[in-house]
1. Out of segment B:389-407, which residues are buried (at least 18 other Cβ atoms within 10 Å of the Cβ) and under 14 Å from B:TRP534 (Cβ atoms)?
2. Quick one: which residue in A:VAL156, A:VAL145 is at pLDDT 95 or above, out of contact with any His (no Cβ under 7 Å at 6 or more places or on another chain) and not acidic (Asp, Glu)?
3. Here are B:LEU337, B:LEU411, B:LEU405, B:LEU326: which of them is without any contact (Cβ under 8 Å) to a residue 40 or more places away in the chain, more than 10 Å from every other protein chain (Cβ to nearest Cβ) and under 30 Å from A:VAL57 (Cα atoms)?
4. Identify all residues within segment B:507-539 that are free of Cβ contacts under 8 Å to residues at least 60 places away in the same chain, part of a helix (DSSP H, G or I) and within 14 Å of another protein chain (Cβ to nearest Cβ); write none if there are none.
5. For B:VAL145, work out the one condition from (1) touching a helix residue (DSSP H, G or I) at 6+ places or on another chain (Cβ under 8 Å); (2) of a type outside the set (Lys, Arg); (3) surrounded by 17 or more Cβ atoms within 10 Å (Cβ to Cβ) it doesn't fulfil.
6. All but one of (1) small (Gly, Ala, Ser); (2) out of contact with any Lys or Arg (no Cβ under 8 Å at 6 or more places or on another chain); (3) touching a residue at least 24 places away in the same chain (Cβ under 8 Å) hold for B:ALA98; state the number of the condition that does not hold.
7. Residue check, A:THR367 against (1) more than 9 Å from chain B (Cβ to nearest Cβ); (2) of a type outside the set (Gly, Ala, Ser); (3) under 22 Å from A:VAL524 (Cβ atoms), all met but one. Which one?
8. Name the residue that is nearest to A:TYR529 (Cα to Cα), counting only residues in segment B:45-86 that are touching a Gly at 6+ places or on another chain (Cβ under 7 Å) and aliphatic (A, V, I, L, M).
Number of protein chains: 2
Amino acid sequence: MSEELAQGPKEGPPAPQPAPREVWKKGGRLLSVLLAVNVLLLACTLISGGAFNKVAVYDTDVFALLTTMMLAAALWILFYLLRTARCPDAVPYRDTHAGPIWLRGGLVLFGICTLVMDVFKTGYYSSFFECQSAIKILHPIIQAVFVIVQTYFLWVSAKDCIHAHLDLTRCGLMFTLTTNLAIWMAAVVDESVHQAHSYGSSHSNASHGRLTLDPERAGSSVGGEPCPCDTAVCQIFQQGYFYLYPFNIEYSLFASTMLYVMWKNVGRLLASSHGHGHTPTRVSLFRETFFAGPILGLMLFVVGLAVFIIYEVQVSGEGGQTQQALVLYYSFNIVCLGLMTVVSLGGSVIYRFDRRAMDHHKNPTRTLDVALLMGAALGQYAISYYSIVAVVVGLPRDLLGGLNLAHALLLIAQHTFQNVFIIESLHRGPPGDEPQATPPKEPCHGLTFANLDALHSLPACPPTPRLVDPHPASPQEAMAIILAPRGHWRRRCLKDISLFLLLCNVILWVMPAFGARPHFSNTVEVDFYGYALWAAIVNICLPFGIFYRMHAVSSLLEVYVLS
Amino acid sequence: MSEELAQGPKEGPPAPQPAPREVWKKGGRLLSVLLAVNVLLLACTLISGGAFNKVAVYDTDVFALLTTMMLAAALWILFYLLRTARCPDAVPYRDTHAGPIWLRGGLVLFGICTLVMDVFKTGYYSSFFECQSAIKILHPIIQAVFVIVQTYFLWVSAKDCIHAHLDLTRCGLMFTLTTNLAIWMAAVVDESVHQAHSYGSSHSNASHGRLTLDPERAGSSVGGEPCPCDTAVCQIFQQGYFYLYPFNIEYSLFASTMLYVMWKNVGRLLASSHGHGHTPTRVSLFRETFFAGPILGLMLFVVGLAVFIIYEVQVSGEGGQTQQALVLYYSFNIVCLGLMTVVSLGGSVIYRFDRRAMDHHKNPTRTLDVALLMGAALGQYAISYYSIVAVVVGLPRDLLGGLNLAHALLLIAQHTFQNVFIIESLHRGPPGDEPQATPPKEPCHGLTFANLDALHSLPACPPTPRLVDPHPASPQEAMAIILAPRGHWRRRCLKDISLFLLLCNVILWVMPAFGARPHFSNTVEVDFYGYALWAAIVNICLPFGIFYRMHAVSSLLEVYVLS
């Protein structure tokens, strides 16, 4: 709580004298949040309006808005980079927790996939250049520029605690964050439209096609449009860019979380003891496991991939194999979710015997991680509760109904226990931080400690001199020798658990992100709620569920490295 | 930041020795939040499912769930009251900011209206006792018991910082909070159904009646049902309880905010200098204004009430007077919102010349207030942006389109500037807290202060003895004499502004809360988005807009008292 300002400046280069403290930080934040909220709502209105058939908002309007926003954000980023390069005093502190290497690495990876997607999109829209408005070709090109500029910016500046032009920087960061969220929304809506289209064409029921389709995409299937996408190259481009959408979605969300942490760090003053290092020992990075977790996880990953491909082939193919595909899909998911629940519970049990102190330090990155894990899980929770009500009230007495119910219940349990495990892990101190395993019967220098935290803040007790000492080593060393195997054993288990959960989350991300929608193949909910309501529920909640998986992966990677 | 724990215990009765500090506060909170989220989602699923025609969830299911929840919450409250009565040590501190008198007064007022509503509801359902399930009559009775128990509980315990059975208390508070939110959701959904019904019957278009109606209510208009509500008493009961719904809604929300603050205060340790008193001087409570604000506000209130009644009569009556009613309604709103915007801006300008220090102390009540003001404004923002897009893209070139656009734009401006004004007011220190108007040229004891906050933490400078002193009074008193009129003038202005805004917010609460829906009388948005989409937008967002008004009223009352 009082870690800011209380202690001296951070180690490293000698900190310059701090700028005069801001009179009212919340006022500056208020301004930028108001800007962000208004821009985001405008974008939200246009994007959601553009998705509906009957509404006279065209997708060119949406593209024009997004392109303008990306241009403005890129210009601001260039201005920021120029300013901080010319005036290094503007960034007196760097937050060691912000922008860890796995987040920045993921950002670069997803950024590269987004660039490939932009190439595909440009190619697709260039295929019928003559009957397109220019903005549709301009949009992916500007997006590519924006992605390159932003990725470089976040790679370089994610840890900055900037102390110059506070209000302008806050507004700029919030505007860039808003741009990323708007891109995310547009991508999610476009994907939902695409899904509704493929569902509508497979069920060929006109009343179900509630979401509109782009004129070009509709043209490709109907054929009567002036701009058909019938060349092989155009088809490849079209297929390609839809398969790359999930990466674009994740890129926007990763960038948003990093920008939010930067925004929280504007004008922050850091102290020295901040987070006690927390740097992993790189030598033993991939050794300290029992190999059971990664091997089991990899097996599930491979099996899951096979199940996903079989499911997609059977559902999209002709013939009544949907039932069979659903049974396969649900069975795999139930096994996978059950194992994950048990393993997460096991991890929590291990923590009950773990004596590492809780880390109470302020850490915007971790606070955001926890909030996102809890918030994003709401999406999957909501879908599961709607499924449960449909199955329990609708009473389908067949195998599929039972599997669906078990699947929904296990999803809730798995999200809950995994969140508990991850959040508890993130709040543990580093491994070397364990207090003595047995309560000290003879407190150092006769002090008694009211709580365990106070113990840590003191320097280690010097060995008490004794007249007759049978042990040549100091008590601390002896304790370390005794404790090492047990601590090691627990740490290995935790590393196994986090790797296993990580791999399972990846496969559970792949399935919905690349188009598995058992929610619609399964007729229970569609019949119970009607297509319109159920599509609204799934299309609003599922993007959060997909984001949850990827965010859990990045958090589990952090847990793996830190435990 | 470091206010907790750092200083000694609060003044008042000698504090008992604090219980051992909780090892990990967030862990306990996590548990209760998980419970609340799951219960709330289940309730949300059933309530929203019950609102749709085609879905086989009956309102008896919803009533049963709510009744069970209210019973459980009431039992927990009784358990809590019993425990704290028997063991006063459990509440070592009380948060002076929590549960201010206007919030508790409002709660009692709305609670009484809710009890009247419960009487009406019981009477209504008893009118056709023979063809009802018992739960429908049981529900309002249990609700009355719950309201009485909860109101007493919040009146007595709203300020408690409890330090016993932490996890159980957190879960209990969260469960009670969830119960209130579920009641709120059920009331909002029921109101929306009622609105859709009256809209459907006035437009007599079958395709528009998307939300279902209670069988009894439908029965009253159709007449072919076995349970008609055709006696005069039954009709009065039915009308009455719908007019009392807004109070029930506000009751649930008031109780929720107070329960949330109690939840945040569980296990909290308080320091002495917390919030420097902030108690208003009760003598001059209703004197220090120029009377311009209250008089203008009262005039607007009365005019607004007249406009509202004319609007309701003209819209619900037969004949083409809807156009005329809408012009009147929009004109009044534009004038009112314009004045409010200007006045809020004026208040913010006054603060630019105000030298009172910002209050940086931790204060869960205020943090929640700010979050709710910003969050609830989103509802009205969203509706406004959808209106703007509809008018700008749909291009209706008539008077009503222009009025609608101006109204939407002014709503955004008014919410923004009012929020800025209120949030800035809430963060100001108390009136006596002004530093010297001119920067001290001769600092006390030769100290120089880096920031103004440090100045406050020091004891007041003793008067420096001088050999030849022309003024008999101490420098401080002289300063007070010089400053008083100017400070007084500003304070009076702020009090006028807050009273004016308060009265305007009350009338802007009355209109939508008691059924004015220009969103549907006006055809621009309905034609542009289609009835289904527009009804979804309005029915989801408007409850937040209505809540915003009442919450702004309570915040402005606080601003009035504190400035």
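1. B:VAL389, B:ALA390, B:VAL391, B:ASN404
2. A:VAL145
3. Exactly one of B:LEU337, B:LEU411, B:LEU405, B:LEU326 is without any contact (Cβ under 8 Å) to a residue 40 or more places away in the chain, more than 10 Å from every other protein chain (Cβ to nearest Cβ) and under 30 Å from A:VAL57 (Cα atoms), namely B:LEU405.
4. The answer is B:VAL526, B:LEU533, B:ALA536.
5. (3)
6. Just one mismatch for B:ALA98, condition (2).
7. The one condition A:THR367 does not meet is (3).
8. My answer is B:VAL55.
The values are calculated or read from the model by the stated rules, or taken from the named source; none is laboratory data. Nothing here was measured: the structure is a model prediction, and the numbers come from that model. Methodologically, a virtual Cβ is constructed for each residue, glycine included, from the backbone with ideal geometry; neighbour enumeration extends over all protein chains shown.
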